[in-house]
Every structure is written in C-alpha cells, then in structure tokens.
1. Over all alpha-carbon pairs of segment 70-127, lay out the pair-distance distribution in 10 Å bins, whole %, shortest bin first.
2. For segment 1-149, give the percent of accessible area contributed by carbon and sulfur heavy atoms, probe 1.4 Å, rounded to a whole number.
3. Quick check: the angle from helix 207-219's long axis to the longest principal axis of the chain, C-alpha only, nearest 10 degrees?
4. Report the equivalent ellipsoid semi-axes for segment 140-205 in whole Å, largest first, defined as the square roots of five times the eigenvalues of the gyration tensor built from alpha carbon atoms.
5. Beyond 25 Å, what share of the Cα-Cα pairs of segment 1-134 remains, rounded to the nearest whole percent?
6. What fraction, in whole percent, of alpha-carbon pairs in the chain exceed 27 Å separation?
7. For Thr220, which sequence-distant residues (separation of 5 or more, or a different chain) have an amide H within less than 5 Å of its own amide H, given hydrogens modelled in the peptide plane?
8. What residue among Phe254, Phe227, Phe290 has the largest mean-square fluctuation in a Gaussian network model of the chain, using Cα springs under 10 Å?
Amino acid sequence: MERMETTHSRVAVTGASGLIGTALTRSLTADGHDVVRLVRRAPRGKDEVRWDPQEGFVDKAGLAGCTAVVNLAGAGIGDHRWTAAYKRELRDSRVLGTGTLAAAVASLDEPPRVFVNASAIGYYGDTGSRAVDESAPAGRGFLPSLCVEWEAAAAAAQEAGIRTVFARNGLVVGRGGGAWGRLFPLFKAGLGGRLGDGRQYWSHISLHDEVAALRHLIDTETLSGPFNLTAPEPRTNREVTAAMGRVLRRPTLFTAPAPALRVVLGEMAGDVLGSQRVLPTRLLESGFTFAFPGIEESIRAALR
C-alpha cells in the first residue's frame, strides 16, 4: 500500500473536543503534526479555525496547507431522547456539517489530499446474528437513513477528485465519552447488567485502535470509500456484560428489560436492543492490524 508522506503534515479536525477527536489530535500532535481545530466559537489561538455548519460557513483561509481534513462532528446519538426536534439536530449536525466542509475543501486552490468523514455502523441497521461488511446495503430506519444522507453529503469533495473515506465507527471502548463512558461508572458501582435478552451483537473497537485506524486511512493513499472501524471479533451484549464484570471484578446481576428500555428511551431503544454484527473486512484487507481485537483486552486498554 502506498502511504502518504506525513512529516510535519497539517491536519484539520472537526469534533476535536469529543472522545475520538481528543485522542486523534493528541496522537497527531505527539508525532509532530500540526493540528487545526475547527470550532463554532471565536478562535482562541492559531490552531483554531472558525466554522458554522448551520450557516454553511468555513474560514477557508485556515484550511490552507492542510494535507488532510477529518470530520468527526455530530450531536451525540445517545445524549437525548429521540424527539422530532432532536432527530432533526442529529441529522443537521451531520449532514449540514459534512456538506459545508466538503464544499469548502473542494473550493480550495490546493485542496487536501484526503477527506476522512465519520459515519457509523448504524448504516446497516439491525443485522441480527448475520455478519455484514462494507459490501452490505443500507438497512432500514432512522439511523441507516441518516448514515446514507451523511455520506452522500460529502459528494462535493468526491466530485473534486479528493480521496474521500467514510469511517463507519462502531462502539468505541473508552472512558472519556460515548457508550462506554456511561457504562464504566455503572459497572464500577456494581449496577451493570445485560440489556434485554443480551443476545444482540455489539460491534466494538478500542479507542487505541480507532485512532490507529483513522491514521491508517489518512496515510494510505490507495484507500477510499467506506471502512468499518470495528474489531474483528464482535460480541453479544451478554458477553460484553460478562467481560465488564470480570475486568472490573463486579457483579453483573442487573438486567434492563426490553419493555422498560422502550418506555425510558422511546425510539432509540430499538437501536440499543438491536443487533449489529459488523466486520472490518476492508480494513483488514488494507493491512491494518488491531492491537486489541478482543472485548476484554479492549476494556483493559481503556482502563490504563
């Protein structure tokens, strides 16, 4: 695989304050790269650039000289109950943001060599026990439809000839946010347990491997299109629950019954209880090696 020269590269990142963005910017900076953070407020330093996805604005001068742009922005899927208003926010924060950024990079005199746009394995919908990879079609429902629109919004970058990659993220095992940011305190308190019958597959990835995979996608010149960022060994919620109990040495006796989850979470319960057995076929074929392929080692890595 041909790799991009990354010595003193300049990389722009949206969503840089989130779980993945924080870890990615830290990794890039540690290796001597310049990171430009796109922010919605007034910039506070030379490493920040103003943008407003709702208004379709990006300070394009701040993107000059960037060899890569990584778009990780988007409202949290599990931050609120899925009211009509919040579903609109989930969509707009992703679709409008991606469209704004793709149009901006496409219009630069010297565009970046790669545009990495976050997506999600929600693209596939509920797959049950059936394993799927990047060759599978989109599923049905709110999240699959959102992911389809999200990826389509990057069209301007693709049409401009910029290498465009869609990072379909799984459940990232990390302490600083996301699903596991909520799970760790519960399990440490001895309040953890399976959700529903626990048979649904959870396709996870350690935060370490998530960042390593993103950097692999940035650096490898021949890679474009969708890539599942999930570990090669998906596990069921029941197995994840048992692994959390073993690592944290806590009981996992509690169970959240499916009817109760539907009352509390509303429409989002369908995705919590749904099963996604997603494989990283294209990532493995590209030569990427996972440092933490199993769920138990991913949990231990998050606690270091």
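The values are calculated or read from the model by the stated rules, or taken from the named source; none is laboratory data. Predicted model, so just to flag it, every value in this text is computed and none were measured. Methodologically, a virtual Cβ is constructed for each residue, glycine included, from the backbone with ideal geometry; neighbour enumeration extends over all protein chains shown. These area figures cover heavy atoms from the full protein model, side chains too; ligands, DNA and RNA do not enter into them. Shrake-Rupley method; radii C 1.70, N 1.55, O 1.52, S 1.80 Å.
1. 20, 44, 26, 9, 1
2. Carbon with sulfur: 48 percent of the solvent-accessible area.
3. The angle comes out at about 30 degrees.
4. With the √(5λ) rule applied to segment 140-205, the semi-axes are 34, 15, 9 Å.
5. Considering segment 1-134, 32 percent of its Cα-Cα pairs are separated by more than 25 Å.
6. Taking all Cα-Cα pairs of the chain, the fraction more than 27 Å apart is 40 percent.
7. Met4
8. It is Phe254.
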